[in-house]
1. Pull out the extension gain between A:ARG403 and A:ASP41, defined as 0.36 nm times the separation in residues minus the alpha carbon to alpha carbon distance; nm, one decimal.
2. Beyond 18 Å between alpha-carbons counts as too far, so tell me which of A:LYS194/A:LYS426; A:LYS114/B:LYS819; A:LYS132/A:LYS167; B:LYS89/B:LYS130; A:LYS97/A:LYS306 fall in that bin.
3. How much length is gained on full extension from B:ARG488 to B:GLN292, taking 0.36 nm per residue of separation minus their Cα-Cα distance?
4. Give me, ordered by chain and number, the residues 5 or more places off A:ILE134 or on other chains with an amide H under 5 Å from its own placed amide H.
5. What is the ratio of the Cα radius of gyration of chain A to 2.2 N^0.38 Å, with N the residue count, to two decimals?
6. Determine, from the Cβ-Cβ distance of A:LEU505 and A:CYS216 and an R0 of 60 Å, the FRET efficiency 1/(1 + (r/R0)^6), rounded to the nearest 0.05.
7. Could you work out how far apart the two model spin labels at B:THR647 and B:LYS215 are, taking each label as a point 7 Å from the Cα in the direction of the beta carbon, and quote it in nm?
8. Can you tell me the length gained on complete extension of the stretch A:VAL452 to A:HIS277, counting 0.36 nm per residue apart and subtracting the Cα distance?
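None of the figures in this text is laboratory data; all of them are computed from the coordinates on show. Given the structure is predicted, the values throughout are model-derived calculations rather than measurements. Counting neighbours? That spans all protein chains shown, and the Cβs are built from the backbone with ideal geometry, glycine included.
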Amino acid sequence: MPEIKVTPLGAGQDVGRSCILVSIGGKNIMLDCGMHMGYNDDRRFPDFSYITQNGRLTDFLDCVIISHFHLDHCGALPYMSEMVGYDGPIYMTHPTKAICPILLEDFRKITVDKKGETNFFTSQMIKDCMKKVIPLNLHQTVQVDDELEIKAYYAGHVLGAAMVHIKVGSESVVYTVSVNKFALCHSGAAWIDKCRPDILISESTYATTIRDSKRCRERDFLKKVHETIERGGKVLIPVFALGRAQELCILLETFWERMNLKAPIYFSTGLTEKANHYYKLFITWTNQKIRKTFVQRNMFEFKHIKAFDRSYADNPGPMVVFATPGMLHAGQSLQIFKKWAGNDKNMVIMPGYCVQGTIGHKILNGQRKLEMEGRSTLDVKLQVEYMSFSAHADAKGIMQLIRMAEPRNMLLVHGEAAKMEFLKGKIEQEFNCYMPANGETVAVTTNPSVPVDISLNLLKREMTLGGPLPDPKKPRTMHGTLIMKENLVSSEQALKELGLNEHQLRFTCRVQLQDPHSDSDTLHRIYTHLKSVLKDYTIQHLPDGTVMVESIVIKVSSSAEDANAKVLLLSWSYQDEDLGSYLSSLLKKGLPT
Amino acid sequence: MDSQCVSILPRVCGVLLVSGSSLPDDTSLEKLLDWFTTIAQTGTSLLEACPCLVDFVSKVAFNYTSGSSILSFTLKLTGLIGASEDGFKVLKECSVLKLVFNPQHWQEAGLWEDPCLRIGWIQGLKMILKHSEALSFFAQADLIEPLLQLQTDSSLFVASAANQTLAQVLLLCQSPSSVGHNGSKNRDLEHNSASMETTQNYSGIITKVSDYLNKSVVLKEISQLPGSQQILRLLALLLVRVGPPLRDTLLLAVINSLEELVTTSCSQLTVPLLDVILAANSGLRDDCVPKQRLIRLLWVMLNMKKPVDVMQAAAAVLRSHQSDPALSAHSARVLLLPLDIVTGVSLLDENSTEEELRILITEQLKRKSCISMICVCLSNIPQITLMASDCLPCPQRLIVTAVLLLLRLCCVDSSSSSAGCVEVVRFITGNSKVQKCALEALLVLSKSPGVKMVLVEVFKVLTEYLNSHSSDPSVLQKSYQAVIKWVRVCPDLSCITDQLREGFIQAVRKRACDTRWEARDSTVEFLGHLVGAPSCWAFTEQEMEPSDVLLGGCSFTVPLLKEALQDPESYVRASSISALAQTLTPSWQDGTALTQEQEDIVTQLQEVLFQDSEGFARRAAVKYFIAWFSACSSPSSCWLLMQSVPTVLSQGVADLDWEVKLHTLELAELVLDRAFSDPSPSHPYAVMSDQDHRLPIAGQQSDLLSSLKNLVDWGVVSALLCGVVDCDRPVALKACQLLLKLRGIVCPVMDNTADTRVFCQLAGASVMQQVRKIQEMGKDTCVVSEACSEADKEGICASVDPECVSVCEVLRVLDLDEKLSILTQSSDHIYNSPLSLLQDILTAAAASSPPGQDPRQELVMDCY
């Protein structure tokens, strides 16, 4: 029986770097190629030696598909293509292809900033990698080769995020990042078809949570910023160059406009323009709210948000500053933090994840005294707030997705084991569900399918009968004869190979005749008659009241109304069809007197 | 080791024991192990350094209520402690060792099912197996059984680690005398009786491994396939790692099974089986019996009935560089067969032994799966070209011809036909996978002897690809690479006629306007790379630059590149700037006078620096000036360059992109080096006489003063001072290094009177503030005002300018050495240290609240 195999090299029962291998219909596909930001050595990348020991990834993999631009999903891509040497096709959506290099550059900067970083990719490598990427359009079926096809659907997690339907023959897999509620009501792009994949691989980051609405979080965020500004404090928001930063800028800009606030908002990174450019370019990929507002005015042409100069940090009075990097471990954001940390009027809002080994991580865990260069310490008096704007789906969203796609099996990745277990329990009430650990392989058997060519004549006949033509999305029954070519084997061997039992096909027919004798006499007369007519055949009069000519069985019964009217029941096998039809016509003529 | 770390480690262990789930993040335990490993590697006894660890390990082992990640960590830690003989002894004495490495213990607790625990067990075991005591323990506890079971574990990670560990066990068994026992003679005597016993146990281990391999190698049913693959992987690893006589023992134990396995001709096992045979074959003498049997096995595999498997076998044989010439020659013939069949180019002689394979491959090539077969053929051409010419089935020139014909057949716009297998054409036409493989092969074949005569053909085919609208961007990139490669290898381009050149120029022009940025970028990059190719002979029998021969030189490339400066894609703009620098470098080196076009380029590049919204282009622009300054033998005589440098420096150092700033400082370094080694003008824009071109003599204050003034005027000092307070560490480091260099040149020579005459104006108020702050931190004196008032007295500084600093004083007062020592360290050296990690573990534990109530939990799971 054919089977689909799924092996996570990362994101199996954890929230590290996503890298999932899928073998389907003889094709090998890598889903995401992420990086773990918590490590500074080789452990940050997936270990590709598990895929193939000779290092020839191109020979083994048919394609790589990237779901979205977050570094835990695409961060190892330049390493894989430019340093390990994978030269095959890489697929991602247009926005992801545009935004990926920005984040990779951003992270490269952080990496170079640290001492002792080796074995890391260069800018040229990022570019060369991106040149190999084939962009995907939504709902467009892309033939990777003659057998493997992929189709992207809107996922809404972040700009350009996609879920992907992968199909080889009749086997299919859907891979999705956490689909958020925008995707569930996104009117611009149709929801994923009820494609009934063999496996639906889904992230399960908030597997146990039913989250409060994003609107509540946004309101909370604005409230905190506003309060700080009102009391004359400064707000620092450490961000990565692209993604959450733009969404927060839109929020603040709109709020400032509404409340007629005058305190300056600054954005420190030089990449804002490019980021905004992409948001404008891919407006159709953004959520409904942004698109709707965009019709009224360009949301990304900020009136209140200005470029930051490092001297502004010392200016008196309130202000809001977005600064990179997002984990407060180097650069501008750290420099500003050091300046503002001592004042309890100020506030730092961490809108995302911080790995261990960064100041962001420390202050989120409540550390109030930070060691600085030269054995000095920094007293953190400013307020520290954490606020997740991540667009991961919660348990409800994931269940909704499952009901939509109706997969035969469900496979959970990118989540903590204990929480996955909870969700798995819920899913298993309706579907098979797996949650492999990293390195473990799940094999799911699928129904074997044999593609066949239909003759043109048969199709034409169907059309003249007014029936719809065959459509993969609307399966229906069609009658015809399947002609098998090339391999001729004995029926016994065929039965053995297919594991089938032999079926006997028998034809039956009733013949009425007038005969005034008893049933047994009539049967004997039939026997005598046939003996005289069919000299070369084996004819037997059996004690159970039947006459047999070869495989043909003849029985006699009387009619209830008329005792002279006899009904002859003839039954013959497929092999004796000619003889059977001959006998039925012979007996219809009556018995000799 | 930091005593502070040691002092808080017991508390950390306590936290790990009670609340393993509230760790800072998923990397914490790994990082903790890294720290312990570092301690162990320095030669310090881990137990002496951290005595609380034994207690921790014992508590976890005896009370296995901890989470799987803590258990796994503890197993690894036990291995690390037990890797030293004294640690091993302590663990043994407190009965931890037996318990921790007893799989039964974990199975009874229902924890063995967790792959996380199994991986901990394996890795711990692997770490401990460093000395004979550990091996003896391994043998006595009969751990070989569970270890063998894990060879086919459902987890790839566990199985792979089990493979490695078994190899290590065998290596230890191989020479028990060579490991451990670094004690005295008496100690050896004491161990003597035990040694005899353990030797016997080791042979038991080897027998068990041999039996296991022999039994497991044979594939009894298809469901065992993954296990069989795993066992073959293990066998290949063992045959590579262990030496004779153990290697021979293992080989003899499995060779019958291998022969049996070969006859099953299971496609999924072809590659791992070949790996085993080739690994076994590589270390054997030609005259030994197994060698003959292995060679026979290889022949069997090369004569299987499945063409795909035969191709894979041939490829593996060639890659292994094994010594049998007949095998290599046959493998090359097998690999070239698809190319021969598809193109109809007779690469192989009529050979009846291959006739059957030819028929089978021909049939295969008529199916969709032909693509992978052709790609295997093409990707192994580099191996074929490495073979001795007498082993080659045909001259390399013929292979080039066949590859070129294949490329033509693959090209959508080509009308070529082949005398070979027609059915395959519909599958390969337009297939970028085959096209890329063929172009890769063509790249390698450029080195083949006697290929000059096909150069025109190569050129025509590559032009066809560049012209084709359906060429994939990555195919175009490879086509350009092939052009460069062939041009580099063939110095005689006299065969390139005007007609060919015209066609090529048109193709390049077309691609420069391609709608796909990837194609435009590759085109622009190609123009730059072509300049670097060595001179060649042209059609006119003159020595010329390849770009002149192929493209007609700068008159074609420069306008094209100038146009690309306006490209909407920043990558292309950056590439065009780099290509312009490469193109113009020869003229800069020659000192040729600047053309109007070049002057326009400089204006455009300054605009890029000021206005381009993206860093790539701005970085390239600064690098253009670096290339120009480096290539110019006398930059001071090039007025436009000297006029541009101050602008580039002031703009570049204030850029938002860290690499632009860094490159700007590289330019500053060039200017600085030149200022103190070369004749320098009194003013950057002044016309200089020969008399002015004199080297500043060390010790002559006036010359140094003049050079320093020039540096200030050009904006070098201001750029360095701006850079040294930058928030990006690499920028600040570079600036600091350059300031130290400047201090080293200037300060020892200048006396106090002289230095005050050189002032530097700082660009931004913030820079000024920061420089002042550093000064104040370093010294109590306010150098700026003093310097200015001193200068004022001399009439140099008209008023006290708050943005003006005395260069020499600043260099002296800024604590550059201290700053350098800080900047040389990693920017995260404090927060990514063991102490920081330990503190984070403690803080996380203190901050953790019951599950579901801590909003931070969301953050921990959040994406980057």
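1. Details: separation 362, 0.36 × 362 = 130.32 nm, distance 4.12 nm.
Going from the current span to full extension adds 126.2 nm.
2. On the way: A:LYS194/A:LYS426 21 Å; A:LYS114/B:LYS819 16 Å; A:LYS132/A:LYS167 22 Å; B:LYS89/B:LYS130 13 Å; A:LYS97/A:LYS306 27 Å.
With Cα atoms farther than 18 Å apart: A:LYS194/A:LYS426; A:LYS132/A:LYS167; A:LYS97/A:LYS306.
3. Working: separation 196, 0.36 × 196 = 70.56 nm, distance 4.48 nm.
That works out to 66.1 nm of additional length.
4. A:ILE90, A:TYR91, A:MET92
5. Numbers: Rg = 36.6 Å, N = 593, 2.2 N^0.38 = 24.9 Å.
Chain A yields a ratio of 1.47.
6. Details: r = 69 Å, r/R0 = 1.16.
Calculated value: 0.30.
7. Distance between the two pseudo-spin positions: 8.2 nm.
8. Numbers: separation 175, 0.36 × 175 = 63.00 nm, distance 4.89 nm.
In short, 58.1 nm is gained.
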